[in-house]
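The values are calculated or read from the model by the stated rules, or taken from the named source; none is laboratory data. Keep in mind the model is a prediction, meaning the values are calculated, not measured. Cβ placement follows ideal geometry from the backbone for every residue including glycine, while neighbour counts extend to all protein chains displayed.
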Amino acid sequence: MIKIRKDDDRRGPSNGPRKDDRRDNFTRNDRDDRPRRDDRSERPRREDRTDRPRRDDRTDRPRRDDRTDRPRRDESRGPRKFEKRGGGGRGKRDFFGNLPPRDEESFVDKSQAVSEHRFNDISDIDNQVLNLLEKRAFLIRKEGAWRKSRQKSLVDPKLEKLLRGSFDKHAGELGLDAKLTKQLFTLLNQFSLADIRKKFEGEGYKLAPRVEAVSASITGPRSFRFTRMLLTLAASSGAAVKLAPVTMNAPNKDLAKALKQAGAPISWDDDFIRNEGDRTLGFEGNMIFVGEDHFNFYMLLCLALGHAGRCKFTGKPALQLLDIATMNRVLPKLGARLVPMNPNNPGLPARLECGGPMDEEITLPGGIDPDFAAALTLAAWSFPGGLTIRGLNQTARERVAEAVDVLTICGIKATLEKDSVTVSDGIPVIEERPLLPLSVRLNSILLALPAMAGGSINIAGSWPKSDKGDRVLEQLRALGLRIDVATENIIATMEGELPESATITLGESEEMQPLALALAMKLGNATLTGELSETGAELLDRTGVAYEKTESGVEIKSGERSWEGTWFSPEPIWSMGCALAAYSVPGIKLENHGEVTSTWPEFWNFYNSLPSGKMKPKPVKETKDDTRRRIKIR
């Protein structure tokens, strides 16, 4: 094959003539200054060279095997190249030259290294996403502050439309799922509207209680849900009522404000809520702000179903992400529909249109919020002919049972079956000063204190007669506590010692899981029935508790417990659960212990005063002296 040389101008600079140019100057036959092969007779032949010893005569040179002064190859240069891969030497290869398989230990080490490498890469990306998210929320919040200063809405519809179009376009170019990207855009906007979480700086709120026998008394907090349901019935029926003692936390106060927007003559103070009566609720044409509690919104929504017309509901960012599509699978059977006012948000603000014919029997679809079932049960007395609700699961049945108890106390006939409830129509009759029962979820934390440190505690208030309340008392009695229930108080006393192991069933209810975990940590060996939540698993990992998931639940094993760093509690009830767990795992540090104070103001004051339970007196408000006057001296 003939090779064609490129043009000379494409060649780089050369230090000398080309090979072809040298051949032009002289040929091989013209090299007369070099001797030809057949004329090299003067050079001796190989066998005639006697000045060099033959290979056989080199006896003074040591053999390779006898060289002891030099280190061997594997000693001086380390393992051979193929030995570094774990083969163990050339002789360990098989007939085809393949190395033997690596042992399990080296495989696990490499897998762990790869896993750590992936974690670092993904974690770096997550940090970048969070930093950009914080910057985006700041810019939108800044835009909202500027619009608010000019008496405009916080969100600019034109700007949001442009941003959404650009977001969807780029997401489509990247091949991302359209439904998920729409939900992601809505979530991104919620960060700018939600309350700013302050950057935590400090050592945290350390929980290290004194492990001494408890001898304390306290007035227990009343049930928040019972209080709100009774207030809703009184406002909707026009009954005059005063509810006390009441903890004026955010859910209670938000409901009182929302009912007042609907026309109820409601007033409140630090420890009571009063409805003057003689006036019922009116929803036609009203815009009602329901705060951020789902149950408050559901109760007002279901009460509005019995009023023909249109009204609007709005709330905080937590309700703007509420999926109201599932409720629209039920509302048409009740002559109503709920339409989001912002097509980009699945929840509030929304417009309710009602007034059509209502069925007297409905079946709840799967996946609907249990609180909606309870609110619908509570408002069913205002529907013509009442209502029968079917399709209740276990969680929904527990919530409906609370509504049935309130309706029964108010004279409304309500029958609860295994998976259904029937409520008759009528008018509630409410006492002017009704008795508010104790909160099972909060007071069960107090009742468990003797199990943690011994002693006794006396809680003033009426313990409710319900399935959930009975389960709590049964569980505490199984751990060795004596429970004395009276009309106006309940006493828990520790007798003997805790068992070495026990089965705790309270974890089957998610709201009772903090108490269940604290009891299990105190026992050492325990079995938690039910499904462990993500928060529960995180708390067990942070405390160093050894556990194993089984088909029936989680087995807690004995061992050392420890705590490092701080923890952001997702809910106040988890912070209270940590307060109990600190008896067996001292040193737990919380970042947001103040949220408990906004829910139950007396808790930390009482907890820090144990074992006596004698709390510091509340600060007295200063009263203004109206008799004073300012005198100008010239």
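Give the number of residues within the stretch 454-467 that are under 33 Å from the mean Cα position of the chain (by Cα), surrounded by fewer than 18 Cβ atoms within 10 Å (Cβ to Cβ) and not in a loop (DSSP other than H, G, I, E, B).
Total meeting the criteria: 1.
Kindly provide the set of residues from the stretch 417-427 that are surrounded by fewer than 21 Cβ atoms within 10 Å (Cβ to Cβ) and under 30 Å from Thr280 (Cβ atoms), ordered by number. Talk me through it step by step, then tell me what you get.
Let us first name the residues in the stretch 417-427 that are surrounded by fewer than 21 Cβ atoms within 10 Å (Cβ to Cβ), namely 417-420, 422, 424-427.
Within the stretch 417-427, Ser420, Thr422, Ser424, Asp425, Gly426, Ile427 qualify.
Picking from Gly367, Gly391, Gly347, which residue would you name as being in the same structural domain as Ser236 (by TED's automatic domain parsing), surrounded by fewer than 17 Cβ atoms within 10 Å (Cβ to Cβ) and out of contact with any strand residue (DSSP E or B) (no Cβ under 6 Å at 6 or more places or on another chain)?
Going through Gly367, Gly391, Gly347 in turn, the sole match is Gly367.
Can you say whether Leu519 is touching a strand residue (DSSP E or B) at 6+ places or on another chain (Cβ under 6 Å), under 26 Å from Ser439 (Cβ atoms), touching a residue at least 60 places away in the same chain (Cβ under 8 Å) and surrounded by 18 or more Cβ atoms within 10 Å (Cβ to Cβ), as far as the supplied structure shows?
yes
Being under 28 Å from the mean Cα position of the chain (by Cα) and in contact (Cβ under 8 Å) with a residue 60 or more places away in the chain is true for just one of Pro365, Pro340, Pro370, Pro346. Which residue is that?
So the residue among Pro365, Pro340, Pro370, Pro346 that is under 28 Å from the mean Cα position of the chain (by Cα) and in contact (Cβ under 8 Å) with a residue 60 or more places away in the chain is Pro346.
Does Leu498 qualify as being of a type outside the set (D, E, K, R) and part of a helix (DSSP H, G or I)?
On the way: of a type outside the set (D, E, K, R): yes; part of a helix (DSSP H, G or I): no.
Against the criterion (of a type outside the set (D, E, K, R) and part of a helix (DSSP H, G or I)), Leu498 does not qualify.
Determine whether Leu446 is surrounded by 19 or more Cβ atoms within 10 Å (Cβ to Cβ), touching a Pro at 6+ places or on another chain (Cβ under 6 Å) and under 23 Å from Thr227 (Cα atoms).
So Leu446 does not fit the description; no.
Applying the selection to the stretch 378-431, what residues are in a helix (DSSP H, G or I), among the hydrophobic types (A, V, I, L, M, F, W, C) and closer than 21 Å to Gly356 by Cβ? Outline the logic, then answer.
We begin by selecting, within the stretch 378-431, every residue in a helix (DSSP H, G or I); these are 378-382, 394-409.
Now narrow it down to the ones that are among the hydrophobic types (A, V, I, L, M, F, W, C): 378-381, 396, 400-401, 403-404, 406-407, 409.
Of everything in the stretch 378-431, those that are in a helix (DSSP H, G or I), among the hydrophobic types (A, V, I, L, M, F, W, C) and closer than 21 Å to Gly356 by Cβ turn out to be Ala379, Ala380, Trp381.
For Phe383, indicate whether it is of a type outside the set (S, T, N, Q), touching a residue at least 60 places away in the same chain (Cβ under 8 Å) and in contact with a His (Cβ under 9 Å, 6 or more places away or on another chain).
Values: of a type outside the set (S, T, N, Q): yes; touching a residue at least 60 places away in the same chain (Cβ under 8 Å): yes; in contact with a His (Cβ under 9 Å, 6 or more places away or on another chain): no.
No.
Can you name every residue in the stretch 200-254 that is of a type in the set (Gly, Ala, Ser) and closer than 20 Å to Thr597 by Cβ?
Gly202, Gly204, Ala208, Ala216, Gly220, Ser223, Ala250
Among the residues in the stretch 573-589, are any aliphatic (A, V, I, L, M), in a strand (DSSP E or B) and surrounded by fewer than 19 Cβ atoms within 10 Å (Cβ to Cβ)?
Among the residues of the stretch 573-589, not one is aliphatic (A, V, I, L, M), in a strand (DSSP E or B) and surrounded by fewer than 19 Cβ atoms within 10 Å (Cβ to Cβ), which makes the answer no.
Identify the residue in the stretch 523-558 that is without any contact (Cβ under 8 Å) to a residue 24 or more places away in the chain and exposed (fewer than 13 other Cβ atoms within 10 Å of the Cβ) and, among all such residues, is farthest from Glu497 (Cα to Cα).
So, considering only residues that are without any contact (Cβ under 8 Å) to a residue 24 or more places away in the chain and exposed (fewer than 13 other Cβ atoms within 10 Å of the Cβ), the one farthest from Glu497 (Cα to Cα) is Glu534.
For (1) at pLDDT below 90; (2) among the hydroxyl-bearing types (Ser, Thr, Tyr); (3) within 30 Å of Met358 (Cα to Cα), each residue gets a yes or a no:
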residue	(1), (2), (3)
Leu243	no, no, no
Ala250	yes, no, no
Asp254	no, no, yes
Trp268	no, no, no
Phe295	no, no, yes
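Find the residue count for the stretch 301-321, including only residues that are surrounded by fewer than 21 Cβ atoms within 10 Å (Cβ to Cβ) and either touching an Asp or Glu at 6+ places or on another chain (Cβ under 9 Å) or more than 17 Å from Glu284 (Cβ to Cβ) (or both).
Residues in the stretch 301-321 being surrounded by fewer than 21 Cβ atoms within 10 Å (Cβ to Cβ) and either touching an Asp or Glu at 6+ places or on another chain (Cβ under 9 Å) or more than 17 Å from Glu284 (Cβ to Cβ) (or both): 8 in total.
Looking at the stretch 545-567, can you tell me whether even one residue there is touching a Ser or Thr at 6+ places or on another chain (Cβ under 9 Å), at pLDDT 85 or above and among the acidic types (Asp, Glu)?
Within the stretch 545-567, one or more residues are touching a Ser or Thr at 6+ places or on another chain (Cβ under 9 Å), at pLDDT 85 or above and among the acidic types (Asp, Glu).
I'd like the full set of residues that are more than 19 Å from Leu436 (Cα to Cα) and in a loop (DSSP other than H, G, I, E, B), limited to the stretch 230-263.
Gly238, Ala262, Gly263
Let me confirm something: among Asp371, Asp359, which residue is assigned to a helix (DSSP H, G or I) and among the charged types (D, E, K, R)?
Checking each option against the conditions leaves just Asp371.
If you scan the stretch 521-549, which residues turn out to be out of contact with any helix residue (DSSP H, G or I) (no Cβ under 6 Å at 6 or more places or on another chain), within 14 Å of Ala579 (Cα to Cα) and among the hydrophobic types (A, V, I, L, M, F, W, C)?
Leu539
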